[in-house]
There are 2 protein chains.
Amino acid sequence: MIVRQAANVLDIFEYFARTKKPTTLAELADHFNWPRSSTFNLLTTLSEKGYLYEPRPRAGYYPTPRWLAMARQASEVEPLPAWSHALIADLSAETGETAAIAAPSGTMAVFIDVVESSAPIRYFAQIGHRIPIHATSSGRALLLQYTPEERDALYRKIEFKQYGPSTPISINAVETELRASIDRDYCESFADYSRDLAGVAVPLPIGDRRLSVVVAGPEFRIGDKTHDISIVLKRLVERHRPKPG
Amino acid sequence: MIVRQAANVLDIFEYFARTKKPTTLAELADHFNWPRSSTFNLLTTLSEKGYLYEPRPRAGYYPTPRWLAMARQASEVEPLPAWSHALIADLSAETGETAAIAAPSGTMAVFIDVVESSAPIRYFAQIGHRIPIHATSSGRALLLQYTPEERDALYRKIEFKQYGPSTPISINAVETELRASIDRDYCESFADYSRDLAGVAVPLPIGDRRLSVVVAGPEFRIGDKTHDISIVLKRLVERHRPKPG
DNA sequence: CCGGATCGTACAAGTATGTGAATTTTATCG
DNA sequence: CGATAAAATTCACATACTTGTACGATCCGG
């Protein structure tokens, strides 16, 4: 169950991140189609908690740097190593496509680091973006790191939906694709989940964390280059990952 | 009115910032005395929005870097100039006390930047921390920048409470203290709001923003040094603030 | 490897909470 | 400066949320 008011807080937060401008009560209420009164209550709550302030009455609400101060601390919970960001930065530079690091979260994969392509037509991914774990290359690169038992447990929770023409819609289809991935030594997907989108991914275990790296972009650019991309992918992983011992 | 679930989101956020550790549903529920089921709903909401993820079932929730990514963007809404942080850093170093920048928010003042003293006994202030505008030195340094009309409007909203022995509990008391501040050329307060706390502050207009700088610490250390501190305060403001023209 | 304890998840009833209309306050224009 | 419009704020009711309960899964100690 979605807790509406919890989601609303995040919506306001993201609204500020997007617009990068102060905002009045009326503006927010109109934008989200919220009643003025509810918007007022939300803004009051955020202000009392020290996350917003109103330098002068009716002239708009501003976010305080408290968001940043807290986020900085919260991001120490489980920081990624510095090299993983360098890795996707290089990957994006060499391939010209968007590169990302994904982590599992239930039946979903979450992007926990992203470097976007600079191409005008590109895969627009964001940190925190979630995609079905079984219907994406980055997701399947995560599944490869699961034990068969863990995969079984997960499959029972997945709601198989036909996102695109090639979406695997059964446990068998997924397992078959996983075996194929092992054979070719990388994961790939063509519009399995998002239209026109192709991806190439490999597992990237870090410590005891099961992550994956993915390069993704429009099918027409990635199309027949998945093998070449997988070579670059593996070469760069090899270069950046610290040698054990 | 406080929106409970909105506040809860921030509480969870701050919990991660404080503990810097992943957290299980049960742990959170116990800590905040929330029912498991409500906690479950909240965590689900935060996960679906991409702010939390659960790498493996029952092994705990982790914050995603999305908090940080959004906060970075949101902090571009109204960035402080670089010199204002340098100012309070120097201030804190020279005085040995906590220094901060405050902004008005209704009848409150909010700290929007803080450098804490390194002394073991010190004023523990945080970005986002709110204090009554009329009963603190930093707040009154803000009030000095208001027009008499604006102050009048504000006074009507203030609920005068006796926070400490010297809290000004009437409009007159506040106005008298403001005139005294003009005469001595800086604002000061001794436990007007927080017990044992003394502060020295001056206005710090930046652009069209009405801010203030404050040095605050325990009364026994600040006590009779307020004048000396005000000298340092004004000297450093003079040094850091870019010359007009 | 078994059994008890713990944890996560679903559900339905009662109530706190958010909403919409009414009121007050502030800004704007003639 | 007074009238008008728009915004913010208050208040009472209907809705959506919380919560206790129950079930199933998973963990852990013996």
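The numbers here are math on the coordinates, done by the rules we state, and not lab data. Only a predicted model underlies this, so the values are computations on that prediction, with no experimental measurement involved. Virtual Cβ from ideal backbone geometry, glycine too; neighbours counted across all protein chains shown.
Have a look at A:Glu27, A:Glu94, A:Glu159 and tell me which one the Gaussian network model of chain A (Cα, springs below 10 Å) gives the largest fluctuation.
Comparing A:Glu27, A:Glu94, A:Glu159 in a Gaussian network model of chain A, the most mobile one is A:Glu27.
Treating only the Cβ atoms of Lys and Arg (+1) and Asp and Glu (-1) as charged, compute the dipole magnitude of the range B:101-171 about its Cα centre; round to the nearest 20 debye.
The calculation lands at about 180 debye.
Per-residue mean of other chain beta-carbon atoms within 10 angstrom of the beta-carbon, peptide A:204-216?
1
Given +1 on the Cβ of Lys and Arg, -1 on the Cβ of Asp and Glu, and no further charges, what dipole in debye does the range B:4-74 carry about its Cα centre, rounded to the nearest 20?
180 debye
Averaged over A:19-28, how many beta carbons belonging to a partner chain fall within 10 Å of each residue's beta carbon?
2
Pairing the Cα long axis of helix A:226-240 with the longest principal axis of chain A, what angle in degrees results, from 0 to 90 and rounded to the nearest 10?
Orientation of helix A:226-240: about 70 degrees from the principal axis.
Mind checking the dipole of the range A:82-240: about its Cα centre, +1 per Lys or Arg Cβ, -1 per Asp or Glu Cβ, Debye to the nearest 20?
220 debye
Relative to the longest principal Cα axis of chain A, at what angle does helix A:148-157 sit, 0 to 90 degrees, rounded to 10?
50 degrees
Translational diffusion coefficient, Stokes-Einstein: compute it for the range A:4-74 using the Kirkwood radius over C-alpha pairs as Rh, at 37 °C and 0.692 mPa s, and state it as an integer in µm² s⁻¹.
In µm²/s, the coefficient rounds to 266.
Over all alpha-carbon pairs in chain B, figure out the percentage whose distance exceeds 24 Å.
54 percent
Excluding residues fewer than 8 places away in the same chain, name every one of the aspartates and glutamates whose C-alpha is closer than 17 Å to that of A:Lys161.
Partners found: A:Glu175, A:Glu177, A:Asp192.
Can you sort B:Ser75, B:Ser37 by how many other beta carbons sit within 10 Å, fewest first?
B:Ser37, B:Ser75
May I ask you to give the average projected area over all directions of the convex hull of the Cα atoms of the protein assembly as shown, in nm² rounded to one decimal?
27.5 nm²
Can you list, shortest first in nanometers, how far B:Thr176 lies from the same residue in the other copies, with each label 7 Å from Cα toward Cβ?
B:Thr176 label point versus its equivalents elsewhere: 8.8 nm.
Can you return the lysines within cross-link range of B:Lys21? Criterion is Cα-Cα under 24 Å, with same-chain partners fewer than 8 residues away left out.
A:Lys49, B:Lys49
Shortest first and in nm to one decimal, what separations exist between A:Arg56 and its copies in the other chains, measuring from label points 7 Å along the Cα-to-beta-carbon line?
Between copies, matching label points for A:Arg56 lie 5.8 nm apart.
Between the alpha-carbon centers of the range A:191-227 and the range B:58-107, tell me the distance in whole angstrom.
36 Å
Give me the angle, in degrees from 0 to 90, between the Cα long axis of helix B:82-95 and the longest principal axis of the Cα atoms of chain B, rounded to the nearest 10.
Compared with the principal axis, the helix lies near 70 degrees.
Between B:Thr176 and B:Met1, take the C-beta separation as r, use R0 = 35 Å, and let me know the FRET efficiency to the nearest 0.05.
Efficiency, rounded to the nearest 0.05: 0.50.
I'd like the mean, over residues of B:48-61, of how many other protein chain beta carbons sit within 10 Å of each residue's own Cβ.
Mean partner-chain Cβ count within 10 Å for B:48-61: 6.
Which distances, in nm and shortest first, link the B:Arg72 label point to the same label point in every other copy, taking 7 Å along Cα→Cβ?
Going from nearest to farthest copy, the values are 1.4 nm.
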